[in-house]
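For reference, the structure is listed below as structure tokens.
Just so it is clear, none of the values below were taken in a lab; they were calculated from the coordinates. Everything numeric in this text was worked out from a predicted model, so none of it was measured. Cβ placement follows ideal geometry from the backbone for every residue including glycine, while neighbour counts extend to all protein chains displayed.
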Amino acid sequence: MPAITVDDILVLPRLPRPDVTSVQRPVRTVVTANTQREGAGFEVRRPFPSVSLRTADPFILLDEMGPVTYQPYEAKGAPWHPHRGFETVTYMMDGTVEHHDSNGGGGTIAEGDTQWMTAGSGILHDELPAEELVMSGGTFHGIQLWVNLPRAQKMAAPRYQDLRAGELTLVSSHDGGTLVRLIAGSVGGFDGPGSTHTPIAYAHASLTPGGQLETLWPQQFTAMVYVVSGSGTVGPERRPVSAGQLVVLGKGDALMISSDTKQDSRTGDMEVLLLGGQPLREPVVQYGPFVMNTRQEIIDAVEDFQAGRMGRIPAEHLSGRRLGE
């Protein structure tokens, strides 16, 4: 981790440095992620939703899976389950996930890849570590982000975007010291490959020890920084942060992150996620894997799932031992 990088960061195009008239976004709050178990028993760090941060409009959930080194036959995944009303964005840093759905689709999410699944009107799927990882063991580390869909698109047809590591837009900070991988949205005039129903920006940045990232950020978007590993400061106040903490920023049109001169991380860098989006400002009613606008829509979702209207598990996945179980 990270899975996609470059030998010489200086050959990359550079993000423009915000000028003196730009307003640096201040730190509103810092949330430390909770640790809990999901799926068949794998551990995640979840900064939201939580007691400290119940809503992050337009996002519903952020889970960091790992980093963990599994012994042979220890790796576990998420068995078959439904979704409706939002999009799941899975970004893998280490390891490989195999995915299947009730429409016969799915695929493999390898290191550096991102899979964008629009659940929309409803789908059943599972997410399992690759057979090789289960049998031989190895390192596993990924991020799953849930992006809410606007009311008008809650019942859109399910779709996928498979973004391979080599498709991400790679840029550097203005001083050439930070590698930024743009997954979706526009940052500093550069666009990521992800196509989104809800306007968002999403990126993974690696700051070298003692480095700094200053960049413009869409003024109408929310802005958050999640520290995957390492330590440093965020905002003009230079608020100290470390791995597993999420920083929620206030209003402005630029953001600033600085890394400590000494880093305790596998890569030797401070690894952060930058994320934000256009708030939907619509009612949110959630019941597990269903995210809708009203209680009646949740009841409808449960009934549709029970009646098989979100699809059925393909026959080849109904029997036999599931990997990791």
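To test your reading of the geometry: what angle, between 0 and 90 degrees and rounded to tens, separates the Cα axis of helix 295-306 from the longest principal axis of the chain?
50 degrees
Short version: ³J(HN,Hα) in whole Hz for each residue of the range 171-184, in order, from phi by Karplus 6.51 cos²θ - 1.76 cosθ + 1.60 (θ = phi - 60°), x for Gly and Pro, what are they?
With the stated coefficients, the range 171-184 comes to 9, 10, 5, 4, 9, x, x, 10, 8, 10, 9, 8, 8, 8 Hz.
What are the residues whose amide H is under 5 Å from the amide H of THR29, where those residues sit 5 or more places off or on another chain and H is modelled from the backbone?
VAL248
Mind listing which chymotrypsin sites (Phe, Trp or Tyr not before Pro) in the range 40-79 are in a DSSP loop and have 14 or fewer other Cβ atoms within 10 Å?
TYR73
Only Cα pairs under 8 Å and at least 6 apart count here; give the relative contact order of the range 11-309 as a rounded whole percent.
Reported relative contact order: 21 percent.
Between GLU43 and THR5, with labels modelled 7 Å along Cα→Cβ, what's the label distance in nm to one decimal, could you check?
Inter-label distance under the simple model: 2.5 nm.
Going highest first, how would you order 159-166, 271-278 by mean Cβ packing within 10 Å?
271-278, 159-166
Using Cα centres only, tell me the gap between the range 255-300 and the range 176-243 in whole Å.
With the range 255-300 and the range 176-243 each reduced to a Cα centre, they are spaced 13 Å.
Sort 236-242, 52-58 by packing, meaning the average of other beta carbons within 10 Å per residue, with the highest value first.
In decreasing order of mean packing, 236-242, 52-58 become 52-58, 236-242.
Here are several values of Rg and Dmax of the Cα atoms in Å: (i) 20.9, 59; (ii) 19.0, 59; (iii) 19.4, 63. Which one was derived from the coordinates shown?
Answer by label: (iii).
Ranking request for peptides 194-201, 111-118: highest mean number of other beta-carbon atoms within 10 Å first, then the rest in descending order.
Sorting 194-201, 111-118 by mean packing, highest first, produces 111-118, 194-201.
Gap in Å between the Cα centre of the range 65-133 and the Cα centre of the range 16-54?
So the separation of the two Cα centres works out to 22 Å.
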